[in-house]
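Asks: Provided herewith is a single structure, encoded as structure tokens, for subsequent inquiry.
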Amino acid sequence: MSKQVNGYLASDGTFFEDEPECQRYEYQKELSELCDTHSINFENFLAILNSWHRPIEGYYNADDNCKAHQVGKQTLDLDTSDRDTEGDEPLLPTEEHIPNSPIRDRDTPGFLEQSLRKY
């Protein structure tokens, strides 16, 4: 039997009764895909984002009230290719490089410690 419903459908067909929950789901999917693209653990990223949400929100809100905005001005062009900078040979993992390893070399900076800007 068919039934009339009111709600919101996400791009993958997931149904939500409320628009904000649907929007959050869509953005969460987008963030998850970005994390996958950049080899960032999504759960760790969300944990950091949740613990830093007040200063991040304050920064964005303060920037909205400034004459010269900084938020959104600088975009990072992160290269996600597996190509060597000198040639077109793909970079192959070595024994020392294990993707998503829970333990990393203590001298290797984590993703939040690395400078992502190109000079």
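Coordinate-derived values only; no laboratory data. Because the structure is a prediction, the values reported are computed rather than measured. Methodologically, a virtual Cβ is constructed for each residue, glycine included, from the backbone with ideal geometry; neighbour enumeration extends over all protein chains shown.
Asks: For the range 1-33, name all the residues that are exposed (fewer than 10 other Cβ atoms within 10 Å of the Cβ) and in contact with a strand residue (DSSP E or B) (Cβ under 8 Å, 6 or more places away or on another chain).
Replies: Matches in the range 1-33: VAL5 only.
Asks: Here's a follow-up. Of the numbered conditions (1) hydrophobic (A, V, I, L, M, F, W, C); (2) surrounded by 14 or more Cβ atoms within 10 Å (Cβ to Cβ); (3) without any contact (Cβ under 8 Å) to a residue 24 or more places away in the chain, ILE40 fails exactly one; give the number of that condition.
Replies: Checking ILE40 against (1) hydrophobic (A, V, I, L, M, F, W, C); (2) surrounded by 14 or more Cβ atoms within 10 Å (Cβ to Cβ); (3) without any contact (Cβ under 8 Å) to a residue 24 or more places away in the chain, the one that fails is (3).
Asks: Would you be able to tell me the number of residues in the range 24-61 that are among the aromatic types (Phe, Trp, Tyr) and within 22 Å of TYR8 (Cα to Cα)?
Replies: Qualifying residue count for the region: 2.
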